[in-house]
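The values are calculated or read from the model by the stated rules, or taken from the named source; none is laboratory data. Computed from a predicted structure; not experimentally measured. Here the Cβ positions follow ideal geometry from the backbone for every residue, glycine too, while neighbour counts run over all protein chains shown. Side chains are part of the model used for accessible areas, which takes the heavy atoms of the whole protein and leaves out ligands, DNA and RNA. Shrake-Rupley method; radii C 1.70, N 1.55, O 1.52, S 1.80 Å.
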Amino acid sequence: MVETVERVRLDPAELVPRVLGRYSPVTVDRGEGIYVWDLDRTRFTDFTSGIAVVNTGHCHPRVVRAIQDQAAKIIHAQANIFAHEPMMAAAAALTATLPERLNQVFWANSGAEAIEGAIKLAKIATGRPAIIAFRGGFHGRTHAAMSVTSSRAKVRGHYEPLLASIYYAPYPYLFRNPYQGPAENADLVYFAELEQVFDQLVMADDVAAMLMEPVLGEGGYIVPPARWVQNVRALCDKHGILLIMDEIQTGMGRTGKMWGFEHFGVTPDIIAVAKGIASGLPVSAVVSDRALMDRWAPGSHGGTYGGNAVGTAAAVATLEVMRDEALPANAARMGEVLSAGLRAIQADYPVIGDVRGLGLMVATEFVTPDGAPNPAAVATVIERCLEERVLLLTCGTYDQAIRIIPPLVVNEEQIDEFLAIFRRAVSSL
Ligand SMILES: Cc1ncc(COP(=O)(O)O)c(C=O)c1O
């Protein structure tokens, strides 16, 4: 205890580079379920889930036990040198939640690294150079991952030149749809823009993959129309292009189903998984079909830590908790309560222009009286919630939205408490 207190007397502003932006002033000591405590034992409600990571709640006892037990057996069973049970059990448990053609798992350590792996696999498997990504997408901060990212210019800014042969098409953001004509056909206009990429920018048979988030995460929690996703899938099939779904934020039950793509009636060829997979240990995965994976020659990709024994033991426990506590179903139910409550607040306060999302991946977009993005209102509401010891994050290119992403173990009473605090915060504007 004394040691912990001594440690935080150190000043983060002195020791941590400012490139790591801080979203709250809290120095945390411990966490349990939807709550964390700081060093003064003040309790905060964590509706950030550590950026959509602790879907099983902070320090779920089964995950903690799995980590402790595995750490006492072997920590680093390097995957090129040894096979080990946690890694194989985690692959079996993960693929059991997926369609048949997603049956082999390459383990890595972060979301960005999974995206790197997915892009490399797609290039090798197709023998083609180009990738099509979607505007507003966020895929991580390593060089290739930031090259396919467009949620904010500052993620890519001043790092040019980026990876070559990346092309962009718009992602359907229907709340701010710039196209004229009937709203129910807007997705077709977005889709036509994607098709035009092949007429204007790149030959279809040079494209290895299209890379999309099933729901835009950092880009603003934007849910695309199912028909658009299905049309993208069909276009990929027509041209022999692989569809990579970035399930890093949408996966592991967050949207009320185990995987985001399940909402749209499509199956991707490759998925990237991270965040919620191991309840906070740095584990990620590229999942695909064995036939594709077999084209990845031994040694053409790898990593020292991928498939770490403690990390994959945590993944096994996480997947078991997900199943045994039916967390995706709880996310769907609690998501309905949350979204209904937010819509009731929106009805009283027009500063909330939009309430959107799936399951417990929900955001409220704030607008000025003339409908423009309103990041000032977002900042005030987040500040007021923090005063009531509730932690929240923004999303969207302009920080125009607040994302509300509690751990999936949240219950109705806790959602109601949050809604009362959020209403007070909005009313203070
Ligand atoms: C959809 C998506 N992809 C990729 C990443 C990058 O993950 P990581 O920060 O673990 O590299 C994130 C992180 O927020 C994400 O939300």
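Brief remarks on what is shown
- Qualifying residue in the range 308-319 (condition: crowded, with 19+ Cβ neighbours inside 10 Å, under 16 Å from residue 257 (Cα atoms) and not polar (S, T, N, Q)): yes
- Residue satisfying all of: in the range 216-261; of a type outside the set (A, V, I, L, M), part of a helix (DSSP H, G or I) and open to solvent by 20 Å² or more (accessible area, probe 1.4 Å); nearest to the ligand (Cβ to nearest atom) among these: 233
- Those strands (runs of 3 or more DSSP E) lying entirely in the range 59-172 with at least 1 residues open to solvent by 30 Å² or more (accessible area, probe 1.4 Å): 104-108, 166-169
- Test: residue 156 is at pLDDT 95 or above, of a type in the set (Lys, Arg) and within 25 Å of residue 402 (Cβ to Cβ): no
- Any hit, the range 20-43, residues being touching a His at 6+ places or on another chain (Cβ under 9 Å), over 20 Å from residue 418 (Cα atoms) and open to solvent by less than 60 Å² (accessible area, probe 1.4 Å): no
- Checked against (1) among the small types (Gly, Ala, Ser); (2) free of Cβ contacts under 8 Å to residues at least 40 places away in the same chain; (3) open to solvent by less than 20 Å² (accessible area, probe 1.4 Å), residue 372 meets all criteria but (3).
- Residue pairs meeting the criteria (Cβ under 6 Å; at least 6 apart or on separate chains; first more than 27 Å from residue 321 (Cα to Cα), in the range 331-347; second crowded, with 16+ Cβ neighbours inside 10 Å and of a type in the set (A, V, I, L, M, F, W, C)): 341/419; 342/355; 343/355; 345/426; 346/352; 346/355
- In the range 151-165, residue nearest to the ligand (Cβ to nearest atom) [restricted to those that are under 21 Å from the mean Cα position of the chain (by Cα) and in contact (Cβ under 8 Å) with a residue 24 or more places away in the chain]: 151
- Filtered residue count, the range 401-419, keeping only those that are in contact (Cβ under 8 Å) with a residue 40 or more places away in the chain and more than 18 Å from the chain's Cα centre (by Cα): 9
- Selection within the range 44-58: residues that are of a type in the set (S, T, N, Q) and within 16 Å of the ligand (Cβ to nearest atom). The member of this set that is most open to solvent (accessible area, probe 1.4 Å) is 48.
- Any hit, the range 106-120, residues being away from the ligand (no atom under 16 Å from the Cβ) and either touching a residue at least 40 places away in the same chain (Cβ under 8 Å) or among the basic types (Lys, Arg) (or both): no
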